[in-house]
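Q: Sharing a structure here in structure tokens format.
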Amino acid sequence: MRIKVAGIGLTKFGELWDKTLFDLAEEASLEAIQDSSLKPPDIQAVFVANMIFSKVSNQDHLGATIASQLNIQGAAFRIEGACASGGLAIHLAIQSILAGTYQNVLVVGAEKMTDASISEVTSALMGAGSEAERQAGLTFPGLYALMAQAHMQQFGTTREHMAQVAVKNHYHASLNKKAQYPYEVTLEKALNSPCICSPFTLFDASPITDGAAAVVLTSASTNKGVYITGSAVATDTVDLSSRKSLTEIEATRIASQKALTQAGVKISDIKVAEVHDCFTIAEILAMEDLGFCEKGEGGKYIEKGITKLGGKIPVNTSGGLKACGHPVGATGVKQIVEIAQQLRKKAGLRQVEGANIGLTQNVGGTGATVVVHVLQS
């Protein structure tokens, strides 16, 4: 499998009061199309990734709306898979190319979250949970906090281990002008920030974000460029209480094994990764479930500096969801953009030396949907 990432585009992430979702989608899409050296009429299909916009704005039919805005008259689709919407849109776009249906496709993930109230956004995001969880009054901070507490009890993971994720990712974001929070934080500040849901403090959680990311994918093959060589999706129960374990996301393990096999590489071959750190415990779980370290060792693995720029396997060089921001429908596409920049050797101060194989992990809900991609240059 060889699908070329022909073009990439990315807006600033943050509280973008002067932009609409359609402004953001257009900005990222036109940048990606221009980067690909194609023109809008060359694009045969548009895949729009979005989770909550229809709930907070009453605007549906996003595929056709954004395609027409871009003057693209090909097929148009809106893809929703909770916070994994972007990764799913990439996966489905790849399948459409492999099937021979289309040659050149645009994938754009966009979300406008800050125009809605906190209660509206929280309610919309819980659409990714189960009915039982909603009836119990649970939110995603609470659900991931349960996973964190289980991991702490079973493996001795500490609040300091989780705070180290935030410190690292804020450092990476300080080198990224597109990040929502492009500044460093200290371990002390992270640990002493307000508690949002024990054991989490404010710096353990990703923010509410506006932003868009886009990629142009094509079947056109040359010897140069960045290619997606593995793409896999796995699912688990939506209800966290129905899982056999609270200390792993099994869908990550399944999807990553499939994607790595497709790409013909091992996890030890990965030089840079973007993983779904919606909460700091999620990055710790990702390190274990992807196979970078043994189960229960994720906190210590990150604490050693292995995943920081300059370490053996830099993770979330963009700043991750934690510090770059988490416009939920755009996140999975942004991950592809970041890894493509790394493999192109165009990541600037965030550049990972020798980066030639990268991986992305995009999670929906508490792990009911996981999408893993492998990229190679």
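The values are calculated or read from the model by the stated rules, or taken from the named source; none is laboratory data. Everything quoted here is computed from the prediction, not taken from an experiment. So basically every Cβ, Gly included, is an ideal-geometry build from the backbone, and we count neighbours across all protein chains shown.
Q: Which of the residues belonging to the range 19-44 are closer than 13 Å to Ala330 by Cβ and crowded, with 24+ Cβ neighbours inside 10 Å?
A: Result: Leu21, Leu24, Ala25, Ala28, Ser29, Ala32.
Q: What do you reckon, is Arg78 more than 30 Å from Glu120 (Cβ to Cβ) and in contact with a strand residue (DSSP E or B) (Cβ under 7 Å, 6 or more places away or on another chain)?
A: no
Q: For Met51, all conditions in the list (1) more than 18 Å from Gly332 (Cβ to Cβ); (2) of a type outside the set (Asp, Glu); (3) in a loop (DSSP other than H, G, I, E, B) hold save one; what is the number of the exception?
A: Exception for Met51: condition (1).
Q: Taking the range 338-356 as the search range and keeping residues that are crowded, with 24+ Cβ neighbours inside 10 Å and aliphatic (A, V, I, L, M), which one is nearest to the chain's Cα centre (by Cα)?
A: Result: Ile339.
Q: Based on what the data block shows, is Lys258 in a helix (DSSP H, G or I) and of a type in the set (Lys, Arg)?
A: Spelling it out, Lys258 is indeed in a helix (DSSP H, G or I) and of a type in the set (Lys, Arg).
Q: Next up: Name every residue in the range 1-18 that is surrounded by fewer than 18 Cβ atoms within 10 Å (Cβ to Cβ) and either touching a residue at least 40 places away in the same chain (Cβ under 8 Å) or assigned to a helix (DSSP H, G or I) (or both), in order of residue number.
A: Result: Met1, Arg2, Lys12, Glu15, Trp17.
Q: Kindly indicate the residue of the range 141-155 that is under 19 Å from Lys304 (Cβ atoms) and touching a residue at least 60 places away in the same chain (Cβ under 8 Å) and also surrounded by the most Cβ atoms within 10 Å (Cβ to Cβ) among those meeting that condition.
A: The selected residue is His151.
Q: Please state which one of Thr307, Thr360 is part of a loop (DSSP other than H, G, I, E, B), in contact (Cβ under 8 Å) with a residue 12 or more places away in the chain and among the hydroxyl-bearing types (Ser, Thr, Tyr).
A: Of Thr307, Thr360, the one residue that is part of a loop (DSSP other than H, G, I, E, B), in contact (Cβ under 8 Å) with a residue 12 or more places away in the chain and among the hydroxyl-bearing types (Ser, Thr, Tyr) is Thr307.
Q: Specify the residue that is farthest from the chain's Cα centre (by Cα); the eligible residues are those in the range 126-140 that are assigned to a helix (DSSP H, G or I) and surrounded by 21 or more Cβ atoms within 10 Å (Cβ to Cβ).
A: Of everything passing the filter in the range 126-140, Glu133 is farthest from the chain's Cα centre (by Cα).
Q: Enumerate the pairs (first residue in the range 218-232 and within 21 Å of Ala45 (Cα to Cα) and in a loop (DSSP other than H, G, I, E, B); second residue anywhere and among the charged types (D, E, K, R) and modelled with pLDDT of 95 or more) with beta-carbon separation below 7 Å, excluding pairs fewer than 6 apart on the same chain, so at least 6 apart or on different chains.
A: As it stands, the answer is Ala220/Lys4; Ser221/Lys4, since those pairs meet every condition given.
Q: Name the single residue that is surrounded by the most Cβ atoms within 10 Å (Cβ to Cβ) among those in the range 107-122 being part of a helix (DSSP H, G or I) and free of Cβ contacts under 8 Å to residues at least 24 places away in the same chain.
A: So, considering only residues that are part of a helix (DSSP H, G or I) and free of Cβ contacts under 8 Å to residues at least 24 places away in the same chain, the one surrounded by the most Cβ atoms within 10 Å (Cβ to Cβ) is Thr122.
Q: In the range 224-237, which residue that is under 27 Å from Ala148 (Cβ atoms) and in contact with a helix residue (DSSP H, G or I) (Cβ under 8 Å, 6 or more places away or on another chain) is surrounded by the fewest Cβ atoms within 10 Å (Cβ to Cβ)?
A: Out of the qualifying residues, it is Thr235.
Q: So Gln103 fits all but one of (1) polar (S, T, N, Q); (2) crowded, with 24+ Cβ neighbours inside 10 Å; (3) over 22 Å from the mean Cα position of the chain (by Cα); what number is the exception?
A: So Gln103 meets the others, but not (2).
Q: Look at His373 and say whether it is surrounded by 24 or more Cβ atoms within 10 Å (Cβ to Cβ), closer than 14 Å to Gly86 by Cβ, at pLDDT 95 or above and touching a Pro at 6+ places or on another chain (Cβ under 8 Å).
A: No; evaluated as a whole, the condition is false for this residue.
Q: Which condition number in (1) within 22 Å of Gly367 (Cβ to Cβ); (2) in contact (Cβ under 8 Å) with a residue 40 or more places away in the chain; (3) polar (S, T, N, Q) is the one that Thr317 fails?
A: (1)
Yes or no, residue by residue, for (1) modelled with pLDDT of 95 or more; (2) out of contact with any Gly (no Cβ under 7 Å at 6 or more places or on another chain); (3) basic (Lys, Arg); (4) over 23 Å from Thr360 (Cα atoms):
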| site | (1), (2), (3), (4) |
| --- | --- |
| Arg78 | yes, no, yes, no |
| Gly87 | yes, no, no, no |
| Ser96 | yes, yes, no, no |
| Val105 | yes, yes, no, no |
| Thr122 | no, yes, no, yes |
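Q: Can you give me the number of residues within the range 1-16 that are of a type in the set (Val, Ile, Thr) and in contact with a Phe, Trp or Tyr (Cβ under 8 Å, 6 or more places away or on another chain)?
A: Adding up the residues that qualify gives 2.
Q: Could you grab me the full set of residues in the range 260-308 that are in contact with a helix residue (DSSP H, G or I) (Cβ under 6 Å, 6 or more places away or on another chain), surrounded by fewer than 19 Cβ atoms within 10 Å (Cβ to Cβ) and of a type in the set (Gly, Ala, Ser)?
A: Gly291, Gly296
Q: For the range 222-261, name all the residues that are among the polar types (S, T, N, Q) and under 17 Å from Leu343 (Cβ atoms).
A: Of everything in the range 222-261, those that are among the polar types (S, T, N, Q) and under 17 Å from Leu343 (Cβ atoms) turn out to be Thr222, Asn223, Thr229, Ser231.
Q: Let me ask something else. Can you find a residue that is among the acidic types (Asp, Glu) and part of a loop (DSSP other than H, G, I, E, B) anywhere in the range 344-354?
A: Yes: the range 344-354 contains one or more residues that are among the acidic types (Asp, Glu) and part of a loop (DSSP other than H, G, I, E, B).
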